[in-house]
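Here, each number is a calculation from the coordinates, and none is a lab measurement. None of these values were measured; they are calculated from a predicted model. Every residue, glycine as well, gets a Cβ built from its backbone with ideal geometry; the counts of neighbours run over all protein chains shown.
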Amino acid sequence: MERKLYITSLIALGLAAAPTGLFAHHGSALYDTNKRITVQAVVTDWLWANPHCLLEFDVKDDKGNTVHWNAEVSNPQDMTNLGWSRKMFKPGDEVTLTLVPAKNGEPIGRIVEVILNGKKYTGMGVRPPAPEESKQ
Amino acid sequence: MSEPSAVLALAVITAWMHPFVAVAQTATGGAAAPPPVRDLSGVWQPANALDGIQPNGARNMPADGKHEPPYTAFGLELFKRNKPSNGTTEVNPAEENDPAHACDPQGFPRENLFELRTTQIVQNPNQTIILYTYGRIYRIVWTDGRALPKDPDPRWFGYSIGRWRDDYTFVVETSGTDARTWLDNAGRPHTEDMRVEEIFHRVNRDRVELSMTIDDPKVYSKPWLALDNLPMRLVPANTDMPEMMCSPSELAEYNKRHASKGQNPSKP
């Protein structure tokens, strides 16, 4: 899929390929884990459910056409721990999303980060720290 | 990694870990007290939250290209039949055959090797009962002196007996597990002949360390260590057990809305 969307930035972060997203029941095989895209979007639906919460949203491409996307994060328990909630989005909310896009170009992704009402929330898609990194 | 990228990565990791660190710091407080005698009762969480998730397989045998269980030829053949969506042999969701993704019980020992989260242990004179978050599953470990059943009908979570090796070390033996289950999230297989040994070592009042060894001679040429002293932290007794369920209808919705789209051929 050509990136004709209104993408504010497309960054191939030089990170090592993330073997999985955080906690993913479903691995990262669908995703181009070396890429991040950032989009301005309007929320259409927010599904708070297992195995992964899903955000549905619309994005304008560079011709002004609306492209419908959805993107996942982790399960409700993990997202609660990250400060997310069942009622945090409502249709019409304007958000800035940083996503790991799908390899096949379909408008789906994993949310690395979302900015909602000026507040930044961490999603998933980052490389989990190795056990030795997370020791306290 | 460049310095800015490293700083970014550290910031993201720190932000992610924050709620778990906060729990750890407020759960018990103060210096660790001595362990109670022959007592595991309480609510426990992996001391480092990520240690319990184990997305790429058993914590001490992750499918990362650096670790490989000692497969027999038969075991390797069984492993190749399993198509996980995580680990070095991960496949697209359309090709995977993880039974837990059909909402089958993930069974034992996978309950300890994937999504091990808040876990409550209750003891009475004849049983040690383990309550798990994932699937709201319980296991009963008999401590009334019985032996493991001979030639049992397999069960998702098998049959377990336990004994105190000393005042602070509880040993659990499990057999009779259902061979349809996977050992872990990387698709490691087993047969109905598998024996699993768990060792719960109560280090002090606030900490238990869990080790687990897999012994299945048909599949593995020697026993192997799946967990090596995984630290579990005592949290307040009034901690409410969370709920984390596999719901077939929610799974179908996820696949319909999201995963199925990722399986379409690439667009030009």
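Points to keep in mind about this one:
- Shielding by partners - mean other protein chain Cβ count within 10 Å, residues of B:248-259: 5
- Given 11 as the ceiling on other Cβ atoms within 10 Å, longest exposed-site-free region of chain B for trypsin sites (Lys or Arg not before Pro) in DSSP loops: B:151-268
- Cα gyration tensor category, rounded, prolate or oblate, for chain B with a/c compared to 1.5: oblate
- Whether the stretch B:36-97 is rounded, prolate or oblate, judged on the alpha carbon gyration tensor where a/c under 1.5 counts as rounded: prolate
- Per-residue ³J(HN,Hα) for the stretch A:73-88, Karplus 6.51 cos²θ - 1.76 cosθ + 1.60, θ = phi - 60°, Hz, x for Gly and Pro: 10, 7, 7, x, 5, 5, 6, 4, 5, 8, x, 8, 8, 5, 10, 6
- Neighbour counts of C-beta atoms inside 10 Å place A:ILE111, B:ILE140, B:ILE130 in the sequence B:ILE140, B:ILE130, A:ILE111, starting with the fewest.
- The mean number of Cβ atoms from other chains found within 10 Å of a Cβ in peptide B:53-62 is 3, as a whole number.
- Gaussian network model of chain B, Cα within-10 Å springs - most flexible of B:ASN185, B:ASN112, B:ASN229: B:ASN229
- Residue-averaged [θ]222 nm for chain B, counting only DSSP H segments that reach four residues, each worth -39500 (n - 2.57): -6000 deg cm²/dmol
- Gyration tensor verdict on the stretch B:62-174 (Cα atoms; rounded if a/c is under 1.5, prolate if a/b is larger than b/c, oblate otherwise): prolate
- Span from the the stretch B:69-142 Cα centroid across to the the stretch B:201-227 one, whole angstrom: 14
- Annotation: average projected area of the stretch A:20-115 is 5.9 square nanometres, based on the convex hull of Cα atoms across all directions.
- Counting, for every residue in A:102-110, the Cβ atoms of other protein chains within 10 Å of its Cβ and taking the mean gives 5.
- Placing dummy labels 7 Å off each Cα toward the beta-carbon, the span from B:ARG146 to B:LEU131 is 2.2 nm.
- Separation of the B:ALA73 and B:GLU197 label points, Cα + 7 Å toward Cβ, nm: 2.9
- Value of D in µm² per second that Stokes-Einstein yields for the stretch B:66-123, Kirkwood Rh from Cα pairs, at 20 °C (1.002 mPa s): 158
- Simple rule: put +1 on each Lys or Arg Cβ and -1 on each Asp or Glu Cβ in the stretch B:153-268, find the dipole, and look at B:ILE199, B:PRO217, B:THR174; the Cα lying farthest toward the positive end is B:PRO217.
- Listed pairs A:LYS63/B:LYS256; A:LYS60/A:LYS119; A:LYS35/B:LYS261; B:LYS66/B:LYS261 exceeding 24 Å between Cα atoms: A:LYS63/B:LYS256; B:LYS66/B:LYS261
- Ranked by how many other Cβ atoms sit within 10 Å of their own Cβ, fewest first, the residues A:MET124, B:MET194 fall in the order B:MET194, A:MET124.
- Relative exposure of B:VAL196, B:VAL235, judged by other C-beta atoms within 10 Å (fewest first): B:VAL235, B:VAL196
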